[in-house]
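Notes for the one structure printed next.
The values are calculated or read from the model by the stated rules, or taken from the named source; none is laboratory data. Since the structure is predicted, the reported quantities are computational estimates derived from the model, not experimental observations. In this analysis, Cβ positions are derived from the backbone assuming ideal geometry, glycine residues included, and neighbour counts consider all displayed protein chains.
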Amino acid sequence: MMARVEERSGETLLVTLSHHGQSVNDEMISQGLVRIDKDFPKRHSPLVSKLKEKETAARTGRQGLWRYGDIDEDDDLEFGTRRQQMQAAQAATGAAPNAWGKK
């Protein structure tokens, strides 16, 4: 196993892992075992764009973390951003919309 340090930010290291010339990072992302951090240094965008393609393929193929759907955003009204949007709409209009967003 080989680890190449791509960047160091404080105590956090961004590393590329490889074993016999094959990228462990690519394999872990392809199987849906890890996610790409949304905040990455701009100079690493060519490397990250390849990994994002593999992450998208794992997401659409429901591999690993995405077995039961997208874990980044929840569509239920009780959770996540839609709940915050409904609360903002209630505060602005003074009326409570129902589950379909209607009064």
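Does Leu47 meet the test of being surrounded by 13 or more Cβ atoms within 10 Å (Cβ to Cβ), closer than 14 Å to Val34 by Cα and at pLDDT 65 or above? Outline the logic, then answer.
On the way: surrounded by 13 or more Cβ atoms within 10 Å (Cβ to Cβ): yes; closer than 14 Å to Val34 by Cα: no; at pLDDT 65 or above: yes.
It is false that Leu47 is surrounded by 13 or more Cβ atoms within 10 Å (Cβ to Cβ), closer than 14 Å to Val34 by Cα and at pLDDT 65 or above.
Considering only residues that are touching a residue at least 12 places away in the same chain (Cβ under 8 Å) and surrounded by 15 or more Cβ atoms within 10 Å (Cβ to Cβ), which ones fall in the range 19-31? If you could, list the steps in order and put the result at the bottom.
Within the range 19-31, the first condition is being touching a residue at least 12 places away in the same chain (Cβ under 8 Å), and the residues that meet it are 19, 24-26, 29-31.
Those that are touching a residue at least 12 places away in the same chain (Cβ under 8 Å) and surrounded by 15 or more Cβ atoms within 10 Å (Cβ to Cβ): Val24, Asn25, Asp26, Ile29, Ser30.
Which of the residues spanning the range 60-95 are at pLDDT 70 or above and of a type in the set (Val, Ile, Thr)?
Within the range 60-95, Thr60, Thr93 qualify.
Considering the range 14-30 alone, what residues qualify as being assigned to a loop (DSSP other than H, G, I, E, B) and modelled with pLDDT under 90?
Taking the range 14-30 as the starting set, the residues that turn out to be assigned to a loop (DSSP other than H, G, I, E, B) are 20-21.
Selection gives Gly21 alone.
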